[in-house]
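One structure below.
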């Protein structure tokens, strides 16, 4: 992996939650993101993908703690920054879009005020008029008329609220947007529109995007590369075509198989046997081994390290160990 | 091992008892508070129940010692203005207050819970009508209502309990009703209905176990408020005769000796009322913290 | 729905609520005891005396007529007649005693809100730490404290012990309350702190305030427990809320997030309990007035009870019921104003 145009480099990141019991939400995850790239981050609920997104934003608060690793953004390790520096970065260089548009906006503030306050927080010299003007431009791109700036969040539909959120994220033209399940709470038609708009805006504003989702269809449509997480660990990373064409990790394989295929000859839905692990008592060795069809003795005892399986591809599985020598 | 997804979509078929007692065991927030509360309450209840055996002297006998004597070897908690032994009075002093509290809570549970369950489950205009009545009473100050009832009907355990219960029933009603209303909409209730379950069985198996934690919290507060209201009634003059041992009475009449510098009567009597109310309040708060994830 | 529609609906709802309360009071005080005059005079009283009283108070009329008289009277500000000898109307006495209670309750409320919200916010910010635990414990402890016991302790410390604050009454003997005038017209609200300021009588104002410090603090502290708990819980919930995280994600200053996002939304539910807290304040006021010898509605009620003046007691309770319903109404409207979502 070349270091030149890496916008974001996550190295061996670990995050835990201590609430009486200890839950290791993210364990030893290393990822890279190039400028202008869309990285799809997939996994089930509890896989740690949202936590990873929050960690990059510096939004992990007690009872959550970042215990290890580095998050290097544009050359700086975010974990070494003072809170005030981190705050300036947030919203300005890195922005986040959240899952539930119902609850992501301040219920007692008008939409216009959300923008004004936000812009002011980063540059107090900007006049209210200019700030509102910016809001208007951004929202226009998203199909929301200027008249709605005086409305309250509860007066918008879910889709429009999400658009407002996207508008907020773009208002200060960040270089990286982390979208945490941006369309999960929306119906499919609105979802399609939002994704389309995201794609347009991405090229218009030259953004890099981390798209966190559990929906493989969204990933197939939007992502350049895909990272698959399971139980807080990285299972596999590969370009989108490779992931869908030749998945190397048993979990990725199983995930893809479980997508209902209307053209398939057998009508039985394939599922992954077993249940996702309890993060306070994770299985020994490879976290996926209790549910893996290929599991053998070693999987129970050791945690597999990522093995390079191709160009910009790697997967953490003992079955692939022989391949490393072929690709190094 | 259950996951969060599974417990959300599966009906609560855990028995009522485990829902009730579950929070008592295991680590986590609120446990300290709850245990301290239980400790205090158990000691006070035990003291009141065992009073005849553990009180050193007859609490109603006057002239046992010099009046208004500070704590001494013979009288560890001092004497009141009538020369009665404060220690014995304190040991005996909680009985009436606790009995009233128990009676009040019992009445509330017997009346408030069923009304809340049925009204919320039935819904419609019946529910709205009952809720309106409850809302009207809810805001009424308990002491004023108690004063009204006691002044007319006299001071007995039942009267005081009733007076306190009337104002507290709406709390139970509300708590139960809000739980029922949200559970009513859950898919597993529909599932049970389509499987042929009748209302009583749905109420018992699905609704009731979920309602229990909130009810326990209200019960704890009910006890605490009852104790405070009973003491308040004593203070106004609507309490027991002054000869009987009662913390509220001692606090009220001990006040007369205050200018003389007699602090022990009111401090011990008042302190006991405080402790009793505190014990129950701690249980209630601790339990609430254990069962309400939002509080963590 | 808009604020206006909500207000109208809410006012209309108040009417059945008031009717229910008034009827309950009537049933308890008038219907159930039988003849209150008998209660007043006990067994071996002179029958003609009882008959005179019964007739003078209109208690010999059929019940439904009494009920109608009762309601009709209320519309005219008639709260009944006292049983104390000359059958004086109760209303004037109540209105003259009420301002003292209102003043005490008001200042106690301010103490409660300030202490409660500040401590609650502090606890929420420093969650899990020593400060938070102290706040939690304090909240419960102060709630369990009988208000008159707290009053006694304050009296002991500041009045008897340190001798710096008065322990009874509203003014020192010898200080005469002045009545302010506007354009030559004299009026008196009865609220000493207001009257004295309006008439420019600063010594009276200071004296009134000194007399209010201990009782208002005692009552206010006891009520603050609920506010503390509620503020803390709401703040915790709100600080975890998505829109708060989203606000942080936009890089807003922590101070903005805490106050404009978290606190602003957290105190909304507190407004809803203010109506309820007012009722609790009234209960506490009765006890506080008795303890501090303040001649307000609370002491009037206690006084009338000790005299077995049941009709006066009824009048007072009715007054309180109407007062509470009105406060409830105002609070609900205030809440709708503050939270646009409620107006549906």
ask   = Is there a residue being out of contact with any helix residue (DSSP H, G or I) (no Cβ under 7 Å at 6 or more places or on another chain), crowded, with 19+ Cβ neighbours inside 10 Å and closer than 23 Å to residue A:74 by Cβ anywhere in the range A:244-267?
value = no
query = Just one of the numbered conditions (1) at pLDDT 85 or above; (2) in contact with a strand residue (DSSP E or B) (Cβ under 8 Å, 6 or more places away or on another chain) is not true of residue B:102; which one?
reply = (2)
inquiry  = Of everything in the range C:297-307, what is modelled with pLDDT under 85 and away from chain B (no Cβ under 11 Å)? Give them in sequence order.
reply    = none
query = Can you tell which of C:138, C:98, C:106 is within 26 Å of residue B:273 (Cβ to Cβ) and modelled with pLDDT of 85 or more?
reply = C:138
ask   = Does at least one position in the range C:308-328 carry a residue that is under 14 Å from the mean Cα position of the chain (by Cα), more than 10 Å from chain B (Cβ to nearest Cβ) and more than 14 Å from residue C:98 (Cα to Cα)?
value = yes
message = With the requirement that a residue be in a helix (DSSP H, G or I) and within 14 Å of the chain's Cα centre (by Cα), what does the range A:199-221 give you?
response = A:216, A:218, A:219
message = All but one of (1) within 14 Å of chain C (Cβ to nearest Cβ); (2) under 18 Å from residue B:248 (Cα atoms) hold for residue B:86; state the number of the condition that does not hold.
response = (1)
request  = Spot the failing condition for residue B:113; the list is (1) surrounded by fewer than 21 Cβ atoms within 10 Å (Cβ to Cβ); (2) within 11 Å of another protein chain (Cβ to nearest Cβ); (3) touching a residue at least 24 places away in the same chain (Cβ under 8 Å), and only one is missed.
outcome  = (2)
request  = Look at the range C:226-255 and say how many of its residues are at the interface with chain A (Cβ under 7 Å from one of its Cβ atoms), part of a helix (DSSP H, G or I) and surrounded by fewer than 19 Cβ atoms within 10 Å (Cβ to Cβ).
outcome  = 1
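Give B:87, B:66 a once-over and let me know the one that is farther than 30 Å from residue B:170 by Cβ and in a loop (DSSP other than H, G, I, E, B). Give the steps one after another, and end with the answer.
Values: B:87 fails: in a loop (DSSP other than H, G, I, E, B).
After applying the criteria, what remains is B:66.
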Output for the range C:112-143, where each listed residue is more than 19 Å from the chain's Cα centre (by Cα) and within 10 Å of chain B (Cβ to nearest Cβ) = C:127, C:128, C:133, C:136, C:137, C:139, C:140, C:141
inquiry  = Residue under question is residue A:175, and the condition is that it be in contact (Cβ under 8 Å) with a residue 24 or more places away in the chain and under 21 Å from residue C:262 (Cα atoms); does it hold?
reply    = no
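Tell me, please, whether a residue that is out of contact with any helix residue (DSSP H, G or I) (no Cβ under 7 Å at 6 or more places or on another chain) and not in a helix (DSSP H, G or I) can be found in the range B:286-295.
Quick first cut of the range B:286-295, residues out of contact with any helix residue (DSSP H, G or I) (no Cβ under 7 Å at 6 or more places or on another chain) only: B:292-293.
Filter once more, so that each one left must be not in a helix (DSSP H, G or I): B:292.
Yes, some residue in the range B:286-295 is out of contact with any helix residue (DSSP H, G or I) (no Cβ under 7 Å at 6 or more places or on another chain) and not in a helix (DSSP H, G or I).
Being crowded, with 21+ Cβ neighbours inside 10 Å and away from every other protein chain (no Cβ under 13 Å) is the filter here, so list the residues in the range B:223-245 that pass it. Walk me through how you get there before you give the answer.
Kept after step one, since they are crowded, with 21+ Cβ neighbours inside 10 Å, are these residues of the range B:223-245: B:223-236, B:238-239, B:245.
The one that is crowded, with 21+ Cβ neighbours inside 10 Å and away from every other protein chain (no Cβ under 13 Å): B:245.
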task = Determine whether residue C:194 is at pLDDT 80 or above and either crowded, with 16+ Cβ neighbours inside 10 Å or over 22 Å from residue C:92 (Cα atoms) (or both).
result = yes
ask   = Among (1) at pLDDT below 90; (2) within 11 Å of chain C (Cβ to nearest Cβ), where does residue A:56 come up short?
value = (1)
request  = Mind counting the residues in the range B:246-261 that are at the interface with chain C (Cβ under 9 Å from one of its Cβ atoms), closer than 20 Å to residue B:158 by Cα and not in a helix (DSSP H, G or I)?
outcome  = 0
task = Could you please let me know if residue C:288 is more than 10 Å from every other protein chain (Cβ to nearest Cβ) and either at pLDDT 85 or above or surrounded by 23 or more Cβ atoms within 10 Å (Cβ to Cβ) (or both)?
result = yes
request  = Take the residues in the range C:24-37 that are within 12 Å of chain B (Cβ to nearest Cβ) and touching a residue at least 24 places away in the same chain (Cβ under 8 Å), then tell me which one is farthest from residue C:78 (Cα to Cα).
outcome  = C:33
ask   = Can you tell me which residues in the range B:133-162 are within 16 Å of the chain's Cα centre (by Cα), modelled with pLDDT under 85 and at the interface with chain C (Cβ under 10 Å from one of its Cβ atoms)?
value = B:142
Residue ID - farthest from the other protein chains (Cβ to nearest Cβ), chosen from residues in the range A:103-135 that are over 24 Å from residue C:241 (Cβ atoms) and in a helix (DSSP H, G or I) = A:129
inquiry  = Take residues that are buried (at least 18 other Cβ atoms within 10 Å of the Cβ) and tell me which of the helices (runs of 4 or more DSSP H) falling wholly in the range C:29-145 contain 2 or more.
reply    = C:36-41, C:63-75, C:90-125, C:130-144
request  = Please find, within the range A:1-22, the residue that is modelled with the lowest pLDDT out of those that are outside any strand (DSSP E or B) and closer than 29 Å to residue A:282 by Cα.
outcome  = A:20
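With respect to residue C:281, is the statement that it is closer than 18 Å to residue C:114 by Cα, buried (at least 24 other Cβ atoms within 10 Å of the Cβ) and within 16 Å of the chain's Cα centre (by Cα) true? Break it down stepwise before answering.
Values: closer than 18 Å to residue C:114 by Cα: yes; buried (at least 24 other Cβ atoms within 10 Å of the Cβ): yes; within 16 Å of the chain's Cα centre (by Cα): yes.
Yes.
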query = For the subset of the range C:1-23 comprising residues that are surrounded by 16 or more Cβ atoms within 10 Å (Cβ to Cβ) and under 19 Å from residue C:78 (Cβ atoms), which member is farthest from the other protein chains (Cβ to nearest Cβ)?
reply = C:22
inquiry  = Going by what's in this entry, would residue A:225 be described as under 30 Å from residue A:281 (Cα atoms) and either within 15 Å of the chain's Cα centre (by Cα) or surrounded by fewer than 23 Cβ atoms within 10 Å (Cβ to Cβ) (or both)?
reply    = no
task = Looking only at the range A:41-60, decide whether some residue is touching a strand residue (DSSP E or B) at 6+ places or on another chain (Cβ under 9 Å), in a strand (DSSP E or B) and under 22 Å from residue A:229 (Cβ atoms).
result = yes
query = Is it the case that residue A:84 is farther than 26 Å from residue A:214 by Cβ and either surrounded by 20 or more Cβ atoms within 10 Å (Cβ to Cβ) or at pLDDT below 90 (or both)?
reply = yes
note = Screening C:294, C:333, C:270 for residues that are over 25 Å from residue C:15 (Cα atoms) and either touching a helix residue (DSSP H, G or I) at 6+ places or on another chain (Cβ under 8 Å) or within 10 Å of chain B (Cβ to nearest Cβ) (or both) leaves only C:294
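From the list B:173, B:126, which one is crowded, with 23+ Cβ neighbours inside 10 Å, more than 27 Å from residue C:305 (Cα to Cα) and either away from chain C (no Cβ under 14 Å) or in contact (Cβ under 8 Å) with a residue 12 or more places away in the chain (or both)?
Values: B:126 fails: crowded, with 23+ Cβ neighbours inside 10 Å.
Within the list B:173, B:126, the selection yields B:173.
The values are calculated or read from the model by the stated rules, or taken from the named source; none is laboratory data. Just so it is clear, the structure is predicted and the values come from calculations on it, not from any experiment. Glycine gets a Cβ as well: all are built from the backbone with ideal geometry, and neighbour counts include every protein chain shown.
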